[in-house]
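Since the structure comes first, as structure tokens, the remarks are kept for the end.
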Amino acid sequence: MIDDTKTDEEADPSIVIPPVGSVLPVSVFGEIWAYVVAGREAALTSGLPLSDIGYFGAEIDSYGSLTEVPNRRKLPAVSGPAGSARVHLVVKCDSRSLTHFVLVPGSAERKALIADLIAAAKNFDGLQIDFENVPQRDGAAFLSFLAELKAARGNKIFTVALPARMKKLNNDVYDYEKILPLVDRILVMAYDEHWSTSAPGPIASLSWCKKVANYSLGVIGREKLIMGIPFYGRAWGDSNPSQAHVYTGIERVINENNVKEIRRENGIPTFDYKIPVSVKVYYDDEYSLSARMEMYRAMGITSIGFWRLGQETPAVWKQIKLKNQ
């Protein structure tokens with residue numbers, strides 16, 4: 001049995017939450033983006049209503065060089081009801097220190113990386129930068145890096161993926177206003193409201209998404225805004241026994257769990273015990289995804305982007321359509 005009651009947070013009358021079992025509307029958007037991860041190209045099936053594919057993803061190695069560039073020829077045919085989808089090379093860098101290293105203005109590494117990015121993008125319709133750990137002091141360097149790429153990209157579509165914001169932050173390296181004139185599109189990653197080490201909660205609650213979308217619309221505008229939508233869920237357990245112990249900690253574990261048998265393996269003591277674990281799971285299905293998409297559509301958002309193909313319920317594709325398809 002599914003309990004579809006609303007929390008106080010979700011009691012916003014402008015957010016329509018469809019009852020489970022109801023007929024869902026078809027959400028229509030001008031652009032529908034979705035990410036495909038290299039090595040999992042089979043997740044891209046024919047006939048999906050997609051305008052754009054983010055091919056994830058090239059990386060930056062320890063020397064600041066571009067590596068792991070996906071081979072576009074490995075993608076299956078990406079034609080759908082709207083014709084051929086555009087394919088964008090996505091470049092990620094999750095290391096704070098490495099991001100700083102490649103952003104240093106005037107450095108040989110930065111010049112070489114920009115040249116490599118432009119060369120790698122030649123086989124794609126666009127280039128997307130996904131640097132999620134830009135150090136606080138490198139905000140100006142990040143902006144100048146984007147400006148250099150914009151100037152060199154030619155006719156390629158230039159986009160950037162940015163974390164969600166609900167208001168302007170002081171000294172924000174991901175300042176939407178400053179980045180806006182440097183790119184063709186901004187994909188707002190409206191997910192990870194709750195993450196692996198946070199308290200349990202939705203990946204992207206509807207009320208939180210509405211606040212993010214309101215701010216994004218006001219600053220970015222609908223022409224350049226792509227609202228990111230998660231396909232994945234998360235689970236949280238109330239106990240994780242994986243850790244290192246001092247000897248007194250081992251004794252406490254033995255006593256608290258009433259361990260009766262201690263064996264020796266090649267002279268090393270070892271034991272086993274079992275504990276109950278309570279697990280909390282949050283995920284999206286076609287009903288919650290429909291509620292989010294319809295909320296965005298009603299707000300005037302014309303472009304959405306899914307992270308990522310292969311994680312979704314297949315039922316969601318019955319509720320999505322490209323405009324003019």
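The values are calculated or read from the model by the stated rules, or taken from the named source; none is laboratory data. Computed from a predicted model, the values in this text were never measured in an experiment. Positions of Cβ are generated from backbone atoms using ideal geometry, with glycine treated the same way; all protein chains shown enter the neighbour counts.
For this structure, a couple of remarks:
- Residue in segment 56-63 that is over 16 Å from residue 318 (Cα atoms), free of Cβ contacts under 8 Å to residues at least 60 places away in the same chain and small (Gly, Ala, Ser) present: yes
- Being surrounded by 16 or more Cβ atoms within 10 Å (Cβ to Cβ) and either aromatic (Phe, Trp, Tyr) or at pLDDT below 95 (or both) holds for only one residue in 102, 90, 134, 78, and it is 78.
- When segment 24-37 is limited to residues that are assigned to a loop (DSSP other than H, G, I, E, B) and of a type outside the set (Val, Ile, Thr), the one that is nearest to residue 301 (Cα to Cα) turns out to be 30.
- Subset of segment 117-155 (residues that are of a type in the set (S, T, N, Q) and either assigned to a helix (DSSP H, G or I) or within 21 Å of the chain's Cα centre (by Cα) (or both)): 123, 128, 133, 136, 144
- When every residue of segment 305-319 is checked against the conditions, none turns out to be small (Gly, Ala, Ser) and either farther than 28 Å from residue 38 by Cβ or loosely packed, with under 10 Cβ neighbours inside 10 Å (or both).
Residues checked against (1) closer than 18 Å to residue 307 by Cα; (2) in the same structural domain as residue 135 (by TED's automatic domain parsing); (3) in a loop (DSSP other than H, G, I, E, B); (4) in contact (Cβ under 8 Å) with a residue 24 or more places away in the chain:
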site	(1), (2), (3), (4)
170	no, yes, yes, no
174	no, yes, yes, yes
178	no, yes, no, yes
195	yes, yes, yes, yes
202	yes, yes, yes, yes
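- Within segment 265-304, considering residues that are among the aliphatic types (A, V, I, L, M) and loosely packed, with under 11 Cβ neighbours inside 10 Å, the one farthest from residue 13 (Cα to Cα): 268
Residue by residue, here is whether (1) within 17 Å of residue 73 (Cβ to Cβ); (2) in contact with a Leu (Cβ under 7 Å, 6 or more places away or on another chain); (3) modelled with pLDDT under 95; (4) in a loop (DSSP other than H, G, I, E, B) holds:
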| site | (1), (2), (3), (4) |
| --- | --- |
| 2 | no, no, yes, yes |
| 6 | no, no, yes, yes |
| 9 | no, no, yes, yes |
| 12 | no, no, yes, yes |
| 22 | no, no, no, yes |
| 39 | yes, no, no, yes |
| 45 | no, no, yes, yes |
